[in-house]
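To keep things clear, I will list the structure first and then write my remarks on it.
Quick note: the coordinates plus some simple rules give every number you see, no bench work behind them. What you see is a predicted model; the values in this text were computed from it and never measured. Cβ coordinates were reconstructed from backbone atoms using ideal geometry, including for glycine residues, and neighbour counts include every protein chain displayed.
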Amino acid sequence: MEPPRAGAGKETAILSRIIRPERDDLSPEAARSILQLAFDEQDRARMHELAQKAQLGDLTAEEQAELDGYCRIGRLVDLMHSKARRSLKRAGLAA
């Protein structure tokens, strides 16, 4: 995949301040629900296709925007998963 845009770090920092992945304050039920959030097979295939085109330098502006969107959503899900795993660990439960 292409490297994240310059603003992506700022977006991640903002999301981190909102989600606070370092806190382990989710209930086990909420944490397990969050850990079920994932891209489906169709989205994973599309991301792979876009990543291959990016490596070849063949992305259109629209495709780059789509790939950027997938990356932003992926970072959001990663932060949420981190918080969920911490919360389950605090509760003595496996993720």
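Can you compute the helix-only [θ] at 222 nm over the chain? Use -39500 (n - 2.57) per DSSP H run of at least 4 residues, normalise by all residues, nearest 500 deg cm²/dmol.
Numbers: 4 runs with 66 residues, N = 95.
It lands at -23000 deg cm²/dmol.
Just in the chain: which trypsin sites (Lys or Arg not before Pro) are loop by DSSP and have at most 12 other Cβ atoms within 10 Å?
On the way: sites: R5, K10, R17, R23, R32, R44, R46, K53, R72, R75, K83, R85, R86, K89, R90; in loops: R5, R23.
Taking the chain and a limit of 12 other Cβ atoms within 10 Å, the loop trypsin sites (Lys or Arg not before Pro) found are R23.
Contact order normalised by length for the chain, with contacts defined as Cα pairs under 8 Å and 6 or more residues apart; what percent is it? Intermediate values should be presented prior to the final figure.
Details: 82 pairs, mean separation 50.4, N = 95.
Value for the chain: 53 percent.
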Note, ³J(HN,Hα) from phi for region 64-74, Karplus 6.51, -1.76, 1.60, rounded to Hz, x at Gly and Pro: 4, 5, 5, 5, 4, x, 4, 5, 5, 5, x
0 to 90° range, to nearest 10: angle between helix 8-19 axis and the chain longest Cα axis: 20 degrees
Length added when fully stretched, A95-F39, from 0.36 nm per residue minus Cα-Cα: 18.3 nm
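How would you classify region 1-80 from its alpha-carbon gyration tensor, with a ≥ b ≥ c the square roots of the eigenvalues: rounded for a/c under 1.5, else prolate if a/b is greater than b/c, otherwise oblate?
Values: a/c = 3.83, a/b = 1.70, b/c = 2.25.
Because a/c hits 1.5 or more and a/b fails to exceed b/c, region 1-80 counts as oblate.
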